[in-house]
1. Just need a number here: residues in the range 96-108 that are among the aliphatic types (A, V, I, L, M) and exposed (fewer than 11 other Cβ atoms within 10 Å of the Cβ).
2. Can you tell me which of (1) touching a residue at least 40 places away in the same chain (Cβ under 8 Å); (2) over 30 Å from ILE14 (Cα atoms) is the one GLU65 doesn't meet?
3. Please name all residue pairs, on different chains or six or more residues apart, with Cβ atoms under 8 Å, provided the first residue is in the range 99-124 and is at pLDDT 90 or above and of a type in the set (Phe, Trp, Tyr) and the second residue is assigned to a strand (DSSP E or B) and near the ligand (Cβ under 10 Å from one of its atoms).
4. Pick from the range 109-127 the residues that are within 16 Å of the ligand (Cβ to nearest atom) and surrounded by 12 or more Cβ atoms within 10 Å (Cβ to Cβ): which of them is nearest to LEU18 (Cα to Cα)?
5. Output the number of residues of the range 100-111 satisfying the condition of being charged (D, E, K, R) and more than 21 Å from ILE124 (Cα to Cα).
6. Taking ASP59 and the conditions (1) modelled with pLDDT under 95; (2) part of a helix (DSSP H, G or I); (3) not hydroxyl-bearing (Ser, Thr, Tyr), which numbered condition does it fall short on, given that it satisfies the others?
Amino acid sequence: MNCYNINIISSNNIDYFLFTRNKFLSILQNLKESLNSHYELREYNGGFLDVCKTKKNKDKEKEEEIIICKNNIFILDKEMNRLEEDIKAMEEQLLSINKKIQHICVHDFVEDYIDIDPDRSVKIVYCQVCEYTKG
Ligand SMILES: [Zn+2]
């Protein structure tokens, strides 16, 4: 996923990094959903392969079905590996971007309270610009 590699040294524009982080998070979410769909499809194909095996000796056409199914699984495995690599690369990119944002943001901290259940809330201190949250 080298096309997403950004030059994190050359720019100090916080808006650029905030926008990029936002879009990278969206891409990461889509990659994870895509991986999950591939995983489900692979499971389904695997089940079909088992069904074919049990009928193999009775019907010659089933052997061809097994070959097609095995090929599908092979293609899905390759695609899943690629997606896993892309997810890893995207997570690394996001780490770099977050470090850069931390470094260049002129933090504007505000206090807020978040509800942890209907009766209790916890005070948090976060930056309004980059959303960095203190301890
Ligand atoms: Zn900040």
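1. The initial filter retains those residues of the range 96-108 that are among the aliphatic types (A, V, I, L, M), namely 97, 101, 104, 106.
Of the ones still in play, those that are also exposed (fewer than 11 other Cβ atoms within 10 Å of the Cβ) are 106.
Number of matching residues: 1.
2. (1)
3. Close Cβ pairs satisfying both conditions: PHE109/TYR126; PHE109/CYS127.
4. Restricting to residues being within 16 Å of the ligand (Cβ to nearest atom) and surrounded by 12 or more Cβ atoms within 10 Å (Cβ to Cβ), the top hit is CYS127.
5. Qualifying residue count for the region: 1.
6. For ASP59, the exception is condition (2).
The values are calculated or read from the model by the stated rules, or taken from the named source; none is laboratory data. Only a predicted model underlies this, so the values are computations on that prediction, with no experimental measurement involved. We place every Cβ from the backbone using ideal geometry, glycine too, and count neighbours over all the protein chains shown.
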